Amino acid sequence: MDASLTEGQKAVQKVARDFAEKEMRPVVMKFDESQEFPREIIDTLGGLGFMGMTWPEELGGAGLTDLEAVVIIEELARVDPSVALTVASHNSLCTGHLMLFGDEAQKRKYVPDLASGKKLGAWALTEPGSGSDSGGMKTIAVRDGEAWILNGSKTFITQGSVGSTYVVMALTDRAQGKKSISSFILERGVAGFTIGKKENKLGMRCSDTATLLFENVRIPGENLIGMPGEGFRQALKVLDGGRIGIAALSVGIAQGALDASLAYAKERQQFGRPIADFQAVQWKLADMATEIAAARLLTQRAASLKTSGEPYSLAASQAKYFASEAAVRATGEAVQIHGGYGFIKEFPVEKLYRDVKLMTIGEGTSEVQKMIIARNLLGD
Ligand SMILES: Cc1cc2nc3c(=O)[nH]c(=O)nc-3n(C[C@H](O)[C@H](O)[C@H](O)COP(=O)(O)OP(=O)(O)OC[C@H]3O[C@@H](n4cnc5c(N)ncnc54)[C@H](O)[C@@H]3O)c2cc1C
């Protein structure tokens, strides 16, 4: 446990760690293999306040700080990154967008059910033809009196097939392009809104990822978030917060890989000695531990800046970029330390090695993070 945390933060960490070890660890591979959404686990996490970690208590949230939220995500990711991804995306993307930019009526209507975990939220920016260049989207909402008519599709949407409340970004004027992007609240079950393909994935397999299809979906005027044309700026701000969650997930995955490697290196004997006696193995462990410590500091720094209301976009991208790449390195070394057993599903590093790759891709690839960091440095 991290000595720099306060007693209160350590108590939150203990709740998350105990839950992950007792309730999640025994069923990790069952959910990984079936790709079934872990509904009961998510319901219980809702009861613990983890589905509305930082949102105010009067709206059903737990009123925790961003630092406490990253501690929780790290602990869940240490055991099952798919569950941690569900928690992180639900908190920061859909609910995060509503909390940052929704009006009072929208917050009162949607946030309590999301923050308690009664309903799941999804956030839809990416399209088949627009990922890193998310402003190049084609989905369009056209005004019809007070309402909007939505047509298009979104791809790779987390909680896509299990969500109830969706925040969807769409153009409102094709000629204006990304300047016209606006964000809308969509509820499951409205006419013309269907769920498409559920993805079969390399990792994060029990996190739900699906395509959304919109065919003449009528959205009431009161479901526009903010003003027309504000959606792209809103989305970038929401992603700043989301990236702190991805950084925390990366730290948790790397810590899970290190914990498993330490135990294995002490137990596994070769040439008549535990492999932990060999300097080549020790150096791997030392590099992993050092990079994890650095990644954790960057992540907690970004979270603290967010809570204190200071600019945190640069810090969030630096944390996400460094932590995700360090976690990829750590899981690779963890499999190497396990030798052939690291390739076998009975050992947790096999799954962590697969799950971690999303960290350098989702919510902006490493290349995109470097573009953001450089833009901040150059003042563009
Ligand atoms: C499991 C999963 C869950 C996801 N969840 C969500 C979600 O909930 N909501 C949502 O909206 N999206 C979601 N996404 C989408 C995710 O954010 C995108 O996949 C990601 O942003 C990358 O976009 P892309 O896949 O289209 O890759 P591309 O943008 O096509 O990138 C391909 C490669 O080109 C590189 N590249 C692109 N442009 C540049 C450039 N200018 N300079 C240098 N290199 C560049 C990229 O870094 C990458 O290496 C999810 C994706 C996955 C796989």
Any idea which of Ala147, Thr158, Ile185 is furthest toward the positive side of the dipole for the range 113-234, if Lys and Arg beta-carbons carry +1 and Asp and Glu beta-carbons -1? Thr158
In degrees rounded to 10, the 0-90 angle between helix 7-19 Cα long axis and the longest Cα principal axis of the chain is 90
Other-chain or far-sequence residues with amide H under 5 Å of Lys119's (modelled H): Leu114
Hey, if you put +1 on the Cβ of every Lys and Arg and -1 on every Asp and Glu Cβ in the range 177-307, which of Val281, Gly241, Leu262 ends up farthest toward the positive end of that dipole? Gly241
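As a quick test, which of the pairs Lys197/Lys345; Lys10/Lys109; Lys201/Lys266; Lys266/Lys306; Lys178/Lys320 have an alpha carbon distance above 29 angstrom in this structure?
Working: Lys197/Lys345 27 Å; Lys10/Lys109 33 Å; Lys201/Lys266 33 Å; Lys266/Lys306 40 Å; Lys178/Lys320 25 Å.
From the list (Lys197/Lys345; Lys10/Lys109; Lys201/Lys266; Lys266/Lys306; Lys178/Lys320), the Cα-Cα distance tops 29 Å for Lys10/Lys109; Lys201/Lys266; Lys266/Lys306.
Over the range 146-232, what relative contact order in percent results from Cα pairs under 8 Å that are six or more residues apart? Walk me through the numbers before you get to the answer.
Working: 188 pairs, mean separation 38.9, N = 87.
Relative contact order of the range 146-232: 45 percent.
When the helices in the chain are scored as -39500 (n - 2.57) per DSSP H run of 4 or longer and the sum is shared across all residues, what 222 nm value do you end up with, to the nearest 500 deg cm²/dmol?
Numbers: 12 runs with 184 residues, N = 380.
Computed mean residue ellipticity for the chain: -16000 deg cm²/dmol.
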Compute the helix-to-body angle for 313-338: its Cα long axis versus the longest principal axis of the chain, expressed 0 to 90° and rounded to tens. 40
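At a Förster radius of 56 Å, what calculated FRET efficiency corresponds to the Cβ-Cβ distance of Glu187 and Ala280, to the nearest 0.05?
Numbers: r = 56 Å, r/R0 = 1.00.
Given R0 = 56 Å and the Cβ-Cβ separation, E is 0.50.
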Considering Cα pairs under 8 angstrom that are at least six residues apart, work out the relative contact order of the range 31-120 and quote it in whole percent. 35
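Relative contact order for the chain: what is it in percent, counting Cα pairs under 8 Å that are at least 6 residues apart?
16
Which order do peptides 245-252, 340-347, 260-267, 185-192 fall in by mean Cβ count within 10 Å, highest first? Write down the numbers at each step before the final one.
Values: 245-252: 32.9, 340-347: 12.9, 260-267: 17.5, 185-192: 14.8.
Ranking the peptides 245-252, 340-347, 260-267, 185-192 by packing returns 245-252, 260-267, 185-192, 340-347.
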Lysines near Lys179 by alpha-carbon distance under 24 Å, same-chain residues fewer than 8 away left out - which ones? Lys138, Lys154, Lys237, Lys370
Between the range 13-47 and the range 174-247, how many Å separate their Cα centres? 26
Compare the peptides 285-292, 108-115, 79-86, 299-306 by average per-residue count of other Cβ atoms within 10 angstrom and give them in order, highest first. 79-86, 299-306, 108-115, 285-292
Using a simple charge model, +1 on the beta-carbon of Lys and Arg, -1 on the beta-carbon of Asp and Glu, nothing else, what dipole does the range 72-113 show about its Cα centre, in debye to the nearest 20? 140
Could you check the simple spin-label distance between Glu36 and Lys14, using points 7 Å along Cα→Cβ, in nm with one decimal? 3.3
Can you give the charge dipole size of the chain about its Cα centre, rounded to the nearest 20 debye, using +1 on the beta carbon of Lys and Arg and -1 on the beta carbon of Asp and Glu? 560
Say each of Thr44 and Asp103 gets a label point 7 Å from the Cα, pointing the same way as Cα to Cβ; how far apart are those two points in nm? 4.2
For Lys22, counting only aspartates and glutamates whose alpha-carbon sits under 20 Å away and dropping same-chain residues fewer than eight positions off, the answer is Asp32, Glu33, Glu36, Glu40, Asp43, Glu74, Glu75, Asp80, Asp259, Glu346
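Since every read-out is calculated from the coordinates, none of them should be taken as a lab result. Fair warning: this is a prediction, and the values are worked out from it, not measured in the lab. Reconstructed Cβ throughout: ideal geometry from the backbone, glycine too, with neighbour counts over all protein chains shown.
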